[in-house]
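Some notes on the structure that comes next.
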Amino acid sequence: MTYSPRTLLLSEIFPPMTGGSGRWFWEIYRRMPRSQFTIAASHGPTASELDRTHNLDVVRLPLTLTDWGMTSPSCLAAYWRAFWSVAHVVKDRGIERIHAGRCVPCGWIALGLKQLYGIPYDCYVHGEDANAASSGAADGVLSSRQLRLMTKLVLKNVDRVIANSRNSARIVRDQWGVPAERVQLLHPGCDTNYFVPVPKSREIRDQLGWGGRPVIVTAGRLQKRKGQDMVIRALATIRQAIPDVLFAIIGDGEERESLKALTIAEGQQDHVLFMGKVSDEELKQSYQQADLFVLANRQIGTDIEGFGMVLLEAQACGTPVVAGASGGTAETMHQGETGYVVPCDEPDELAALLIQLLSNPARLAAMGKAARAWVEEQFDWEVLARQAKGMFGVHDRDERTERTKHGSKPEKKSLVLSH
């Protein structure tokens, strides 16, 4: 039988904590043999409840740090607690390899364990956590000189980088000098059994507060790089062609009040709906009932959109998408067939494209049909899990042994986390 070393996924972001990377890790690692993988994740108020619903080997540790730097006694103490709690799991489980969920803080802890115990580590890169090329503003993780130095040391000593997009892979090669042979691509994905197309329903649209209007939807944290402000600024132009258009914004975040103020300043109060945080079912219904999904992302400082899982979820529901020409969002779609990318640093080009698409319902319908097929073929979690097994050295024999050991195949229950 082929020997497979036990691996530790080290990630502060993991369910029930929300976030795209947490969903990615959940979907991939729950499809791996329990005998080969342990997950070290952060505590959370509902973590114990969630952990009773699965058979993964999850250990909850103090991994959530309020500051990723190392300049204050409190930060050093937090890293010290996190490091030794992980070290205990490493020794207890006989861990021989670490998968760090991101460069900092998890990669920094993995680097320390490599120095102490000689354990090799791989590191996931999501784009915004590694991009050091600034647009001039001060936003972004790597606007900090200290975090840039920490990231440099992590990537200098990594065995392998697992990039969520070709754009992220380019960043670690070009900006950090990681050799191409040490960089591998593994896209995030989508649960195509949960996110499915349904016919448009006036009843559901009324429940969502939309009525029979043409609706543009976005979903995600309300932050500058997501570009909700650009769509609001584009509405005046869009309304010249589509007077009753509605922009439905799902999510919450630090830009909420400024976006509301912008809506008033632009005179678009009757054309912008702030839906806030919604249930999983309402999120899915919004994808399904929307005419078009838009993520008008742009780079702010070093902050970029690394991939954009919401774009996959919308397409899986048969809704065409538009995204900003920045980061890795172009890789989520078959451009020109299931969606488009457009520069979103200013609203004019975005407005022109949205008018063109919303004025052609037949074209939107064809794009939505193609979008569903595209995601099923390229980004279903089962497809991506098979890629990950090959990358991690997991063999079919290992899986069969694992199922026999536990009596049956572990339930592949879907977990959808609100954005």
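The values are calculated or read from the model by the stated rules, or taken from the named source; none is laboratory data. None of the values given here were measured: they were computed from a predicted structure. Cβ: placed from backbone, ideal geometry, glycine included. Neighbour counts: every protein chain shown. For accessibility, only protein heavy atoms count, side chains too; no ligands or nucleic acids. Shrake-Rupley method; radii C 1.70, N 1.55, O 1.52, S 1.80 Å.
Restricted to Cα atoms, the stretch 118-171 shows a radius of gyration and a Dmax of 11.7, 39 angstrom.
Across the stretch 8-81, Cα pairs under 8 Å and at least six residues apart give a relative contact order of 29 percent.
The HN-Hα couplings worked out from phi for the stretch 183-192 by the Karplus form 6.51 cos²θ - 1.76 cosθ + 1.60 (θ = phi - 60°) are 10, 10, 9, 9, 6, x, x, 8, 8, 6 Hz, whole numbers, x standing for Gly and Pro. Heavy atoms of the protein chains alone define the surface here; on that basis the chain has 41 Å² accessible area per residue at 1.4 Å probe size.
Centroid-to-centroid, using Cα positions, the stretch 244-321 and the stretch 107-175 are 29 Å apart. For the residue pairs K114/K152; K156/K224; K284/K369, the C-alpha atoms sit more than 19 angstrom apart in K156/K224. Each of the peptides 215-225, 122-132 was scored by the mean count of other Cβ atoms within 10 Å over its residues; in descending order, highest first, they stand as 122-132, 215-225.
The HN-Hα couplings worked out from phi for the stretch 256-266 by the Karplus form 6.51 cos²θ - 1.76 cosθ + 1.60 (θ = phi - 60°) are 4, 5, 5, 5, 5, 5, 5, 4, 5, 4, 8 Hz, whole numbers, x standing for Gly and Pro.
With a simple spin-label model that places each label point 7 Å from the Cα along the Cα-to-Cβ direction, the separation between E266 and S201 comes to 3.0 nm. Close amide-amide hydrogen proximity is noted between V272 and F247, each under 5 Å apart and 5 or more residues distant or on a separate chain (H modeled in the peptide plane; Pro and chain starts excluded). Near V125, the amide H atoms lying under 5 Å from its own belong to I162, A163, N164; only residues 5 or more places off or on other chains count, and H is placed 1.01 Å from N.
Using the Karplus relation 6.51 cos²θ - 1.76 cosθ + 1.60 with θ = phi - 60°, the per-residue 3J(HN,Hα) values for the stretch 123-130 come to 9, 6, 10, 10, x, 5, 7, 10 Hz, with x marking Gly and Pro.
Considering every alpha-carbon pair of the stretch 303-351, the percent of pairs per 5 Å bin, from zero through the bin containing the longest distance, is 5, 23, 32, 23, 15, 2. Put simply, the amide H of G339, placed in the peptide plane, has neighbours under 5 Å in V321, H334, leaving out anything fewer than 5 places away on its chain. Under 12 Å between alpha carbons, and skipping anything fewer than 8 positions from K200 in its own chain: which aspartates and glutamates qualify? Within the straight-line limit of under 12 Å, K200 reaches these aspartates and glutamates: D291. For the chain, relative contact order (Cα pairs under 8 Å, six or more residues apart, normalised by length) works out to 17 percent. Rolling a 1.4 angstrom probe over the stretch 103-204 with all protein chains present gives an accessible area of which 51% lies on carbon and sulfur atoms.
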